Each structure stands twice: as C-alpha cells, then as structure tokens.
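Student: Got a structure for you, questions after.
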Amino acid sequence: MKKTLLFLLFSQMFFAQQPDLVTNDWYVSQIEWSGQTIIRPVSDHTLQPSQFTPSGNGQYQFYSKYFNTSAANDVTFVSTDTFTTANGFSCTLQYYFGNNYVAVNDFDDKHCQILGGSTTHPYQIINNGTNKTLIISNPNNGNKVYYNNYYLSNREAEMKPGFRIFPNPALEEIHIENVEKNKKVQIFDLSGKLLESSMSKEKMSINIQHFTKGQYLLKIESYPSQFFLKE
C-alpha cells in the first residue's frame, strides 16, 4: 500500500506540468537568440496556436507555429522540466512574401533552428494568474522560444508596440521606455513569484541590485510581456 501511494505521488510530481502544456493553446511571442531578445514581428499572417496533443503510448505531438510549423511527432516527457524527441523536429519551408517579410522570415528561420537543433529540450511554465508563459530551450546553445497562452493580434501589436528595456542583460538597474503613464508594472521570477510592483512613467528605472543572477519577467499592463536577464 505504501509503495502504491509513493508511486502515485511520484507520478503526480513527475508529470506536474503536463496538464498546463496540453490544456493550453500556446502562441509564439518572442525568441532569445545569442543573448538577444527578438519580439515576434508583425505580419499579414494570422498566428495559429502551437499545441501539444496526445498521440498514444505516452507520447505527444507538438506543433510550434509561426509562419512555418516546426513539428515533432514523438515527444516524450522524461522529467518535470524536459522532453525528448526521438527524431527531432521537422520544419515546413514556405517563404513569406507579405509586409515586413525580411524580419518575419528571419524570425521564422531562427524559430525552426532553435527547436530543430536538438532532440532534448528543457522547458518551463511561468504562471502569472490566468496568463502563462512557456519557455522551450535548446541546451546546445541556450537559445529559447517563448509562448504565451493568449494572443495579441497583429492589429493590437501595431497599436501597442512593445516597450524597451535596457540594458539587457543588466547588473544594477533596468530602464524602461516607450510606455504610457500609470500602467501597472510588475516583475516576476521564473517561479511566478511577484518581486516588484509599481506604476509606470514615460521613462522609468528599477533597481535590481538585490536580485539574484537569472532571468525575470517584466509585465506592464496592456503591453506584451518581456524578459530580462540579471547579471
């Protein structure tokens, strides 16, 4: 009986993040490439949700969608923060010819390379209330794809461009520009814990000297969230 209870408890811990993965639609929001954050470019294309779906025998299919689709048909979760694919990811090879085509095709190529460059991918889900962020990493180079479980349309993105964080990475302070006044500003760590909360100004600075080294989520009301790195 004790062994059974221990096994059930271990199983629940082992697959703790899978329910969030398979019950949410995920929308590509940004990538991290060689230490630089690249926000998803505005395009004429309607972004489709990326999804994990069961395929039987304890495996899943994952379709990561931007303009092209990076797909894996044999995803296996080997821990609470890592999945593997026996055959890696394959990516469709269509070329986008619409508005902003240079930025869109470059982002699309990097998106496919990050997922296609490894058969093992660490992942993490950050919970901020009903909003969730999924981060999938390539362990060979540290590049990452970020997804949100909500979608900011192209029209909304054009009307509300992303704010600017600098420097990023930062050691003592981050500076924020291109944001309206009196919007709620929050900083979360990757466990979802709220660390700082204030109201925005047109130009503002936040002291992060007391933060430990690592990555943090900066969330500003009515704007797409962004990540920054504390050195």
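Student: I'd like to verify a number: residues in region 47-59 that are part of a strand (DSSP E or B), at pLDDT 90 or above and not hydrophobic (A, V, I, L, M, F, W, C), how many?
Tutor: Qualifying residue count, region 47-59: 2.
Student: Would you tally the residues in region 185-222 being surrounded by fewer than 13 Cβ atoms within 10 Å (Cβ to Cβ), over 22 Å from T130 (Cβ atoms) and either without any contact (Cβ under 8 Å) to a residue 12 or more places away in the chain or β-branched (V, I, T) (or both)?
Tutor: So the count comes out to 2.
Student: The conditions are (1) part of a helix (DSSP H, G or I); (2) under 22 Å from W26 (Cβ atoms); (3) at pLDDT 90 or above, and V102 fails exactly one of them. Which is it?
Tutor: Only one criterion is unmet by V102, namely (2).
Student: Still on this structure, I have one more. At least 3 residues that are at pLDDT below 90 and in contact with a His (Cβ under 9 Å, 6 or more places away or on another chain) in each: list the strands (runs of 3 or more DSSP E) lying fully within region 107-214 that qualify.
Tutor: Of the strands (runs of 3 or more DSSP E) lying wholly inside region 107-214, those with at least 3 residues that are at pLDDT below 90 and in contact with a His (Cβ under 9 Å, 6 or more places away or on another chain) span 164-166.
Student: Another question, then. Taking region 72-96, which residues are over 16 Å from Q113 (Cβ atoms), in a loop (DSSP other than H, G, I, E, B) and of a type in the set (A, V, I, L, M)?
Tutor: Listed by number, the list holds a single entry, A86.
The values are calculated or read from the model by the stated rules, or taken from the named source; none is laboratory data. All of these numbers come straight from a predicted model, not from anything done at the bench. Counting neighbours? That spans all protein chains shown, and the Cβs are built from the backbone with ideal geometry, glycine included.
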